[in-house]
Each structure stands twice: as structure tokens, then as C-alpha cells.
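All remarks here apply to the structure that follows.
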Amino acid sequence: MAIEDVLRDRLSRKQFAILWLIHSEGDGGLRMRRKQIEAAMRRWFEVSSPAISQALRVLARPPLELIEVRVDPNSGRERVVSLTPAGVRFLEETTARAERFVGKLVAESPVELIRQSSAFFRRSSEGLRKVSARSRLRAIRGLED
């Protein structure tokens, strides 16, 4: 939670999740279709479409102005959400703060504990990927029946 607080700064969890989603999974780390954002947010949070719209409005308006929401040039019914230069700067600053924070934690930790923690997280991530892949496969098989 402390790392999350360092990352989020003045934003809500949902607002920060939207920015990080665009940065990590969006086209060039800068833009993403609103429908993709909504689908991911629904998987992570119990959140409605109006709540996502509200979070996007707050991120787009002053004083934040971290994103722009525009009509998709390929479909007038779709929207594309893009990071503004201020949004890119915010994420760069956030990443730098997080790196400093984690650096201080690591500096205070014994090397063996860091090695063990790294191995634990690596194995946990591998396990989650396998479980997720099996779940998706079961869902697909269920659709075929």
C-alpha cells in the first residue's frame, strides 16, 4: 500500500490504473481505445461505465489535464484516450519516485532476503500465468461444447 500511495500521488486508484494501463498496454504507451480501458477496469475493479466516464473526465479536465478523449478517426462511435504531455510527465515522475522508494527499501534489506523475494515473485508470476492460461482454455472449451 505504501508503494501504491507513492505511485498514485493525488489520484484515486481507478484514475491511476487508467493512466498506467494506457502507459503499459496502449499503442506506443500513449493511447488506447476507451472500450479496452473499460474492459480492463471491469476485470480489476467493480466499476460501472459511468464511473469510468467520470474518472476519465476528471483526468481530462483542469487542473489535471493528464489525458485527452477524442473520437476515433476509424469509427465515429468509438473514443480514443491519449496521454497528454502532462500525463507522460506525471508517469515519468511517478516512476522516478517509485524507483527511489524501492531503492531505499532494497538498501535496507539483506542481499539474501532480496534474492529469496525475487525467486518467490518470479515463481508466483509463472504460477499465475499457468493458472490464467488453464482458466482461459477451460472457458474456450466450455464455449465449444
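We did not get these values from a lab; they are worked out from the coordinates using the rules stated. From a predicted model like this one, the values you see are computed outputs, not experimental measurements. Glycine also receives a Cβ, built like all others from the backbone with ideal geometry; neighbour counts cover every protein chain displayed.
Here are the numbers for the structure shown:
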item	result
Pairwise label distance in nanometres, ARG89 with ARG122, each label 7 Å out on the Cα-Cβ vector	3.9 nm
Net charge of neighbours whose Cβ lies under 15 Å from the Cβ of GLY26, counting Lys and Arg as +1 and Asp and Glu as -1	0
For the chain, built as a Gaussian network whose Cα springs stay under 10 Å, the top-fluctuating residue of GLU93, GLU65, GLU46	GLU46
Residues VAL81, VAL88 arranged by fewest to most Cβ contacts within 10 Å	VAL88, VAL81
Of every Cα-Cα pair in the chain, the percent that sits beyond 20 Å	60 percent
Whole-number percent relative contact order across the chain, with pairs defined as alpha carbons under 8 Å at least 6 apart	22 percent
Positive-end extreme of charge dipole, the range 1-113 - chosen from ILE22, ALA107, VAL58 (charges on Cβ)	VAL58
Within-15-Å neighbourhood charge of PRO73 [Cβ basis; K, R +1; D, E -1]	+2
